[in-house]
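First the structure, in the form of structure tokens, and then the observations on it.
The values are calculated or read from the model by the stated rules, or taken from the named source; none is laboratory data. Quick caveat: nothing in here was measured; it's all calculated off a predicted structure. Please note: Cβ atoms are built from the backbone with ideal geometry, for glycine as well, and neighbour counts cover all protein chains shown.
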Amino acid sequence: MHANPRVSDSPLDRLSDECNSLLVIRIRGGVKASRDELATLRMLNLTRANRATIIPKTPSFIGMLKKVEHYITWGEPNLKTVKTFLRRIELLGGGRIDG
């Protein structure tokens, strides 16, 4: 008999320790930002200060992050951080995360 693989109820349980993503947080407003910088922030879905998003770790996204580095902070999250981030989104029904 073969053992059945564990069936996961949540996508959070399928996360691995490998980090192929970046957690990006917008820390500043865009009063003095150029049109290109504001467009890049919109493409990253960071339309307001204190918003966060998880993006793939690819050269094109890293180039975008460098373009708006004065308005954001970013880094490789550990598994615990990603799970906490996704659970808060799940609990709040998507969208906004405060705290």
| Based on what the data block shows, is I72 hydrophobic (A, V, I, L, M, F, W, C) and closer than 13 Å to S21 by Cα? | no
| request: Answer yes if at least one residue in segment 67-79 is part of a helix (DSSP H, G or I) and in contact (Cβ under 8 Å) with a residue 40 or more places away in the chain, and no otherwise. | output: yes
| Restricted to segment 23-37, and to residues that are buried (at least 17 other Cβ atoms within 10 Å of the Cβ) and in contact with a strand residue (DSSP E or B) (Cβ under 7 Å, 6 or more places away or on another chain), which residue is farthest from E90 (Cα to Cα)? | R26
| said: Take the conditions surrounded by fewer than 17 Cβ atoms within 10 Å (Cβ to Cβ) and under 11 Å from the mean Cα position of the chain (by Cα) and apply them to L86. Does it pass? | reply: yes
| query | Only one residue in T53, T73, T40 is at pLDDT 95 or above, touching a strand residue (DSSP E or B) at 6+ places or on another chain (Cβ under 6 Å) and among the polar types (S, T, N, Q). Which one? | reply | T73
| message | Restricting to segment 36-61, name every residue that is touching a residue at least 24 places away in the same chain (Cβ under 8 Å) and assigned to a helix (DSSP H, G or I). | response | D36, E37, T40, L41, F61
